[in-house]
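Each remark here refers to the structure printed beneath this line.
The values are calculated or read from the model by the stated rules, or taken from the named source; none is laboratory data. All values derive from a computational prediction rather than experimental measurement. No Cβ is skipped: glycine too gets one built from the backbone with ideal geometry, and neighbour counts run over all protein chains shown.
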Amino acid sequence: PSLVGVVRKDWASDNSIALSWTEVEQQSNDILDYEIKYYDKEQEQSGYSSTRTKALSVIVTGLKPSTMYVFHVRARTAAGFTAYSNKFDFSTGDECKDT
């Protein structure tokens, strides 16, 4: 089962998105870190990227402006990886911002 609950977008810029999530029914000391897998929703077949963190949040950088990305998160324990969370779609901001 997944040990990650709801993933939410805390903020977004034109090339980065800040995410956070909750743990579900697990002692946090059993979790070594989290893997965040993400890809451009329009180009799912062209591969994905991933990053890791020990925190319950991450800032994913190097993204394209005004683009919808799909994110899902899984935990890594001493026994290995858990199942991925549900998929969550979040968009980056527009490059041209009003001042």
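So the values come out like this:
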read-out: Yes/no for Ser66 being part of a loop (DSSP other than H, G, I, E, B) and at positive phi; value: yes
read-out: Inter-residue pairs, beta-carbon under 6 Å, first surrounded by fewer than 17 Cβ atoms within 10 Å (Cβ to Cβ) and in the range 59-83, second among the β-branched types (Val, Ile, Thr) and part of a strand (DSSP E or B), 6+ apart; value: Thr77/Ile31
read-out: Residues of the range 15-28 satisfying the condition of being part of a loop (DSSP other than H, G, I, E, B) and modelled with pLDDT under 95; value: Val24, Glu25, Gln26, Gln27
read-out: Flag if Lys9 is under 13 Å from Ala75 (Cα atoms) and either polar (S, T, N, Q) or surrounded by 14 or more Cβ atoms within 10 Å (Cβ to Cβ) (or both); value: no
read-out: In the range 78-99, the residues that are part of a strand (DSSP E or B) and either among the β-branched types (Val, Ile, Thr) or at pLDDT 95 or above (or both); value: Phe88, Asp89, Phe90, Ser91
read-out: Residue satisfying condition, being assigned to a loop (DSSP other than H, G, I, E, B) and among the small types (Gly, Ala, Ser), within set Ala55, Ala75; value: Ala55
read-out: Some residue of the range 42-53 being over 20 Å from Lys87 (Cβ atoms), out of contact with any helix residue (DSSP H, G or I) (no Cβ under 7 Å at 6 or more places or on another chain) and not β-branched (Val, Ile, Thr); value: no
read-out: Every residue from the range 36-49 that is assigned to a strand (DSSP E or B) and surrounded by 14 or more Cβ atoms within 10 Å (Cβ to Cβ); value: Ile36, Lys37, Tyr38, Tyr39, Asp40
